[in-house]
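Peer 1: Quick one: structure below, then a few questions.
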Amino acid sequence: MFYELTIALRTIRQEGFKPLLEKISLYFRQLGWGLQFLNLPLPHGKPPEEVLHFCFDTAGDLIGPSQIHSEILALARLVKERKPKVVVEIGTAKGGTLCILCCVAEPTATVISIDLPGGVHGGGYPRWRSIIYRRFAQPKQSLHLLRLDSHLTSTLDQLKAVLPAGGIDLLFLDGDHTYAGVKQDFEMYSPLVRRGGLVVFHDICVHPPEYNCQVDEYWQEVRKQYKSWEYVENPKQGMYGIGVVELA
Ligand SMILES: C[S@@+](CC[C@H](N)C(=O)[O-])C[C@H]1O[C@@H](n2cnc3c(N)ncnc32)[C@H](O)[C@@H]1O
């Protein structure tokens with residue numbers, strides 16, 4: 001209940017009582033959707049289109065990804081093609097991209113997702129959601145959920161403790177979106193990515209200042225140093241956008 005209490009107090013402080021009541025109502029509706037989710041068959045190993053239909057539509061109220069459909073579809077197709085055995089995500093939130101990654105990664109993959117409870121750009125997730133997220137894993141996959149700050153060396157140590165030999169095949173960065181935050185994530189975790197492995201950046205488009213998102217600035221620096229490409233539906237969309245670098 002510590003997470004719930006912290007978020008409630010923060011909401012009262014920053015937004016007031018009415019938004020708190022709305023959040024409480026949503027919280028209980030999510031618990032209901034969570035119970036229904038426990039009976040849904042997962043689209044493990046299905047084509048990316050079917051996986052996205054599940055995550056955006058069938059279970060969208062509970063786990064809807066914070067993504068543009070065409071962009072994450074392009075990424076899901078790439079992941080399916082590359083058959084990653086080790087996937088690390090920073091920024092679990094509602095679990096949308098985690099579900100997609102589990103469904104399209106190798107059936108024996110190790111998947112690790114890190115999120116800071118109360119973190120910026122999303123706020124993390126309450127503990128009970130881990131029960132939902134554990135269902136994302138295919139029967140022979142191992143899934144590790146670290147509710148921790150990606151910027152702490154102790155988190156890096158915990159990740160290394162469960163990381164299989166050979167390194168990371170796919171690193172998906174969607175946590176702290178400030179310039180310093182995304183830079184630190186890249187500098188701390190990309191040395192663990194194997195040669196030929198991929199680092200994916202979310203939110204590479206220029207965002208309005210109130211979003212406090214500067215991934216675009218760091219992306220422009222990093223993309224020049226590696227083989228890189230982008231999945232952006234519309235260059236003028238003003239948010240989202242996916243960038244990929246392949247490490248040499
Ligand atoms: C935009 S959301 C992730 C959305 C998710 N990948 C999706 O599309 O389904 C960003 C998440 O990053 C988390 N976050 C922010 N700073 C973090 C940090 N330093 N360490 C770990 N997670 C962090 C937030 O708590 C939030 O839940």
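Any read-out appearing in this document is the output of simple, stated calculations on the displayed coordinates, not a laboratory observation. Treat the numbers as computed from the prediction; the structure is a model and nothing was measured. Every residue, glycine as well, gets a Cβ built from its backbone with ideal geometry; the counts of neighbours run over all protein chains shown.
Peer 1: Which residue, of 137, 180, is out of contact with any Cys (no Cβ under 6 Å at 6 or more places or on another chain) and of a type in the set (Gly, Ala, Ser)?
Peer 2: On inspection, the qualifying residue turns out to be 180.
Peer 1: Another question, then. If you go through the stretch 169-195 one residue at a time, how many are part of a helix (DSSP H, G or I) and either in contact with a Gly (Cβ under 7 Å, 6 or more places away or on another chain) or not aliphatic (A, V, I, L, M) (or both)?
Peer 2: 11
Peer 1: Just one of 162, 199 is within 26 Å of residue 44 (Cβ to Cβ), within 18 Å of the chain's Cα centre (by Cα) and more than 9 Å from the ligand (Cβ to nearest atom); which is it?
Peer 2: That would be 199, the only listed residue that is within 26 Å of residue 44 (Cβ to Cβ), within 18 Å of the chain's Cα centre (by Cα) and more than 9 Å from the ligand (Cβ to nearest atom).
Peer 1: Going through the stretch 120-134 one residue at a time, which ones are among the hydroxyl-bearing types (Ser, Thr, Tyr) and touching a strand residue (DSSP E or B) at 6+ places or on another chain (Cβ under 7 Å)?
Peer 2: 130, 133
Peer 1: Which of the following residues is hydrophobic (A, V, I, L, M, F, W, C), within 14 Å of the ligand (Cβ to nearest atom) and touching a strand residue (DSSP E or B) at 6+ places or on another chain (Cβ under 8 Å): 100, 63, 112?
Peer 2: 112
Peer 1: If you don't mind, there's one more thing I want to ask. Among the numbered criteria (1) more than 10 Å from the ligand (Cβ to nearest atom); (2) part of a loop (DSSP other than H, G, I, E, B); (3) under 15 Å from the mean Cα position of the chain (by Cα), which single criterion is violated by residue 119?
Peer 2: With respect to (1) more than 10 Å from the ligand (Cβ to nearest atom); (2) part of a loop (DSSP other than H, G, I, E, B); (3) under 15 Å from the mean Cα position of the chain (by Cα), residue 119 is out only on (1).
Peer 1: Okay, moving on. Hey, does the stretch 212-220 have a residue that's of a type in the set (D, E, K, R), assigned to a strand (DSSP E or B) and away from the ligand (no atom under 16 Å from the Cβ)?
Peer 2: No, the stretch 212-220 contains no residue that is of a type in the set (D, E, K, R), assigned to a strand (DSSP E or B) and away from the ligand (no atom under 16 Å from the Cβ).
Peer 1: Go through (1) touching a Phe, Trp or Tyr at 6+ places or on another chain (Cβ under 8 Å); (2) closer than 26 Å to residue 199 by Cα; (3) of a type outside the set (Gly, Ala, Ser) one by one and return the number of the condition residue 31 breaks.
Peer 2: (2)
Peer 1: Give all pairs with beta carbons closer than 6 Å in which a residue from the stretch 180-206 that is farther than 18 Å from residue 242 by Cα meets a residue that is within 12 Å of the ligand (Cβ to nearest atom); count only pairs at least 6 apart in sequence or on separate chains.
Peer 2: 184/151; 188/156
Peer 1: Also: In the stretch 45-68, how many residues are on the phi < 0 side of the Ramachandran plot, touching a residue at least 60 places away in the same chain (Cβ under 8 Å) and surrounded by fewer than 16 Cβ atoms within 10 Å (Cβ to Cβ)?
Peer 2: Qualifying residue count for the region: 0.
Peer 1: Also: Could you run through the stretch 86-100 and say how many residues are under 8 Å from the mean Cα position of the chain (by Cα) and either surrounded by 24 or more Cβ atoms within 10 Å (Cβ to Cβ) or closer than 16 Å to residue 156 by Cα (or both)?
Peer 2: Of the residues in the stretch 86-100, 7 are under 8 Å from the mean Cα position of the chain (by Cα) and either surrounded by 24 or more Cβ atoms within 10 Å (Cβ to Cβ) or closer than 16 Å to residue 156 by Cα (or both).
Peer 1: From the residues in the stretch 133-155 that are crowded, with 17+ Cβ neighbours inside 10 Å and assigned to a helix (DSSP H, G or I), which one is farthest from the ligand (Cβ to nearest atom)?
Peer 2: Applying the filter and picking the extreme gives 133.
Peer 1: Filter the stretch 24-57 down to the residues that are under 25 Å from residue 203 (Cα atoms) and within 16 Å of the ligand (Cβ to nearest atom) and list them by number.
Peer 2: 48, 51, 52, 53, 54, 55, 56, 57
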